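Take this structure, written in structure tokens, and hold onto it; I'll ask about it next.
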Amino acid sequence: VQRTLWECRQTFLRSKHGNAPSVKIHLSGICNECLEPEPEFKMRLDKQIKQAIYGARSLELQQLNLKEIPREIFNIKNLSRLDLSRNPLNGSIEWDIGLDFLKSLSLKDCGLQEISPSIQALKSLTELVLENNYLSVLPKQIFRLF
């Protein structure tokens, strides 16, 4: 049953976002590997971000294998909903710039181990989804949001 649900979810996401990004490896230096998205995936991601910049109030970037939040997102002035679920963000995210109107933020299943105290910069936030992460402690600043 779990396998069937997973396959249905994958089929739905492919129909909505296209195929998952393929990644090629470029060697840069001795024993260093740098993963870089294929150009077609990068163009699709850029298109979604540009649509949000030009008036969309919601941006859904779930399951795109993003390792970090694209910096362009912080320049979207009227963004009220951001969904970054199921991306391997892993590290701490700094929220100290932009996103003044963000009301809903989903970081579900992103492998996060901590939430930066800078999350208090999201003053309009009313919904924060942090399910299925590796959080052991929440910063006290998070409670000032609600």
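The values are calculated or read from the model by the stated rules, or taken from the named source; none is laboratory data. Quantities reported herein were computed from a predicted structural model and do not represent experimental measurements. Neighbour counts are summed over all protein chains in view; Cβ atoms, including those assigned to glycine, are modelled from backbone coordinates with ideal geometry. Calculation scope for accessible area: heavy atoms of the full protein, side chains included, ligands and nucleic acids excluded. Shrake-Rupley method; radii C 1.70, N 1.55, O 1.52, S 1.80 Å.
Quick test for you: out of Lys47, Lys42, Lys16, pick the one residue that is over 19 Å from Ile119 (Cα atoms), modelled with pLDDT under 75, open to solvent by 80 Å² or more (accessible area, probe 1.4 Å) and part of a helix (DSSP H, G or I).
Details: Lys47 fails: modelled with pLDDT under 75; Lys16 fails: modelled with pLDDT under 75.
None of the other options fit; the residue is Lys42.
Between a first residue in the range 85-107 that is under 14 Å from Lys67 (Cβ atoms) and without any contact (Cβ under 8 Å) to a residue 24 or more places away in the chain and a second residue that is aliphatic (A, V, I, L, M) and open to solvent by less than 20 Å² (accessible area, probe 1.4 Å), which pairs have beta carbons less than 9 Å apart while being 6 or more apart in sequence or on different chains?
Pro88/Leu66; Leu89/Leu66; Leu89/Ile69; Leu89/Leu107; Leu89/Leu112; Asn90/Leu112; Gly91/Leu112
State whether one or more residues within the range 100-110 are part of a loop (DSSP other than H, G, I, E, B), open to solvent by 70 Å² or more (accessible area, probe 1.4 Å) and out of contact with any Ser or Thr (no Cβ under 7 Å at 6 or more places or on another chain).
Scanning the range 100-110 turns up no residue that is part of a loop (DSSP other than H, G, I, E, B), open to solvent by 70 Å² or more (accessible area, probe 1.4 Å) and out of contact with any Ser or Thr (no Cβ under 7 Å at 6 or more places or on another chain).
Continuing with this model, one more query. Filter the range 56-94 down to residues that are of a type in the set (Ser, Thr, Tyr) and farther than 18 Å from Arg44 by Cα and give me whichever is surrounded by the fewest Cβ atoms within 10 Å (Cβ to Cβ). If you could, list the steps in order and put the result at the bottom.
Within the range 56-94, the first condition is being of a type in the set (Ser, Thr, Tyr), and the residues that meet it are 58, 80, 85, 92.
Checking which are farther than 18 Å from Arg44 by Cα leaves us with 80, 92.
Numbers: Ser80: 17, Ser92: 15.
If we take residues in the range 56-94 being of a type in the set (Ser, Thr, Tyr) and farther than 18 Å from Arg44 by Cα, then Ser92 is surrounded by the fewest Cβ atoms within 10 Å (Cβ to Cβ).
Also, I was wondering about something else. Do you know which residues across the range 114-133 are modelled with pLDDT under 90, over 18 Å from Ser58 (Cα atoms) and open to solvent by 40 Å² or more (accessible area, probe 1.4 Å)?
Within the range 114-133, Glu114, Pro117, Gln120 meet the criteria.
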